[in-house]
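What follows is a single structure, written as structure tokens, with notes after it.
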Amino acid sequence: MPLNLNLLLGRFRKAEERYRELEAWLSSPDALSDMELYRTRMSEWKSLGGAVEAFRAYRALNEDIAAAEDLLSSAADGEDTEALTDTLSELRDARDKQEQMLLLALLPHNPLDDRNMIVEIRAGAGGEEAALFAADLFRMYSMYAQKNGWGIELIYENETELGGFREIDFLLTGHGIYSKLKYESGVHRVQRIPRTESKGKIQTSTVTVAILPEVAEVDIRLDPRDIKMESCKSSGAGGQHINKTESAVRLTHIPTGLVVECQEERSQLKNREKAMKLLEARLYHMQQQERDSQIASDRKSQVGTGERCERIRTYNFPQGRVTDHRIGLSLYNIDRFMAGELDEIIQALAAQEAESALKGSHEA
């Protein structure tokens, strides 16, 4: 672990000590005499639970490793120690992974982790190939959502003739979505031979992804007079999915000029409801950016302009490689990654965030 291990473990020992103090107090007969204090300390006790559990698991692994090392060192000459050596190696690998879990346990709980999330995917540079990769990313996130037990609802899609998406918006419902998918915001670059390329030349294209929290009523209040609603027929690549009636909805927020659309439902009322969720999420996102002086006030701060030179991640299909440029990590399992196996990179990004936060608090 690159961080000072003694510093890290010292924090966990203090957390465990506090956890025990709270546990003893909460179990005492006098705890319920002050309900406000009881709720405060119960909340603190619960918030420490994950960190303490990770620390105890790490400590247990160290104890098992020490016992295995003693057995190995005391083995008689000529004794077959292969099985013990393998066990020791597995325990050390498990400890390395648990060290990463310790870092993750330091991340403070974000209230957004309990929210549903809207994901926006937009084709950037690269024309039809960018649209096709946008569809690939949508499938990737759909499979990842399924693995995590999240629900998924389409809000809007603008499909091309070849089955790509110029843009697609969808809602993910479940717990802990933001804690994992917040790292996906930005420009995703793909390098591969497009199916439309007859000469076998590799093309570089981009897709932008934005992760927006679903807005609670207390977050933002819209004046109905500021919203212009228009009904229209669904657009798309053609075929059976085209809705002949004007059930699709387009909402325009007059003060900001923001426009959202929804066409996924047969009912205009349901499309309006989904469009309102999307509009609220985008407006809330804009407000959050304005409150933070380090972030630009428009959505480009999250997803950039979509140019090829901007990227958080590169998907190189000829090499079978996925590279996350923020942490310099490359994985050579692109097929599994595109099938929704995202956790290795997500956990590495989360570990880096926790490490930076710990360093910052230590320096402070």
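Derivation of every value follows stated rules applied to the coordinates shown; laboratory data play no part. What you see is a predicted model, and the numbers here were worked out from it, not measured in a lab. Here Cβ is always computed from backbone atoms with ideal geometry, including for glycine, and neighbour counts include all displayed protein chains.
Backbone amide hydrogens, once placed in the peptide plane, bring Leu258 within less than 5 Å of His253, excluding anything fewer than 5 places away on its chain.
Kindly provide the pair-distance distribution of the range 95-138 built from C-alpha pairs, with 10 Å bins from 0 and whole-percent values in order of increasing distance. Reading upward from the zero bin: 22, 22, 23, 28, 4. Working note: Karplus 6.51/-1.76/1.60 with θ = phi - 60° gives the range 155-169 the couplings 10, 8, 9, 10, 8, 9, 4, 8, x, x, 10, 5, 7, 8, 10 Hz, where Gly and Pro are set to x. Give the calculated FRET efficiency between Asn6 and Leu222 to the nearest 0.05, with a Förster radius of 56 Å applied to their Cβ-Cβ distance. Result of the calculation: an efficiency of 0.60. Our analysis of the range 1-154 gives Rg over Rh at 1.15, with the two radii drawn from alpha carbon positions and Rh computed by the Kirkwood formula.
Across the range 107-234, Cα pairs under 8 Å and at least six residues apart give a relative contact order of 33 percent. Remark: spin-label model distance Asp30-Asp114 equals 3.0 nm, labels positioned 7 Å along the Cα→Cβ axis.
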